[in-house]
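Below is one structure; the comments refer to it alone.
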Amino acid sequence: MMDDAEKEIFRYLRGAEAGFVPVTAISRHAGGKHKYRETPDWAKPVLLRMVERGILELDANAAYRLKPLPAVDPARRWVSPQIAEMLRKSGKKFDGMIQPEGDVEAFYDSL
C-alpha cells in the first residue's frame, strides 16, 4: 500500500508524460509550496523507497519517473465485464480476453 506522500508523488509523476523529473520539482509541486518551504527535502526518502519497491526509475541525473507498465501480449484484448459475459453465454471460446483488474494506481500499489 502507498502512503499519502507516495500517492502525492505518484499522481504528480503520472502527469509528467514519461519524462524524468528532478527531485526539487517533485518536492515543490507534489507536496505543495507550504510543505516545500517547511522541509525542501521531504520527497527524497519517499522517492528512494518508491525506487526500491519498483514503482519509479532513477536516471543518471538523479531525476525520477514512473516505471513503464509491462507490455500486454498483442494476442490478448481487454474486454469489458459485460461483453465478456455475453461472449461466454454465446458458447464460443475466447481465450485471449483480459479482465480489468483495477486502475493504474492499483497496479503500482501492488508492487
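The values are calculated or read from the model by the stated rules, or taken from the named source; none is laboratory data. Not measured: the values here are computed from a predicted model. As a convention, Cβ positions derive from the backbone with ideal geometry for all residues, glycine included, and neighbour counts pool all protein chains shown.
Considering Pro68, Pro100, the condition of being assigned to a loop (DSSP other than H, G, I, E, B) and either surrounded by fewer than 10 Cβ atoms within 10 Å (Cβ to Cβ) or modelled with pLDDT of 90 or more (or both) is satisfied by Pro68 alone. Report, ordered by the first and then the second residue, all pairs with beta carbons closer than 6 Å, sequence separation of six or more or different chains, a first member in region 11-34 that is farther than 17 Å from Leu48 by Cα, and a second member that is surrounded by fewer than 16 Cβ atoms within 10 Å (Cβ to Cβ). Going by the 6 Å Cβ cut-off, there are no qualifying pairs.
The set of residues from region 7-47 being closer than 13 Å to Arg65 by Cα, of a type outside the set (A, V, I, L, M, F, W, C) and surrounded by 15 or more Cβ atoms within 10 Å (Cβ to Cβ) comprises just one member, Tyr12.
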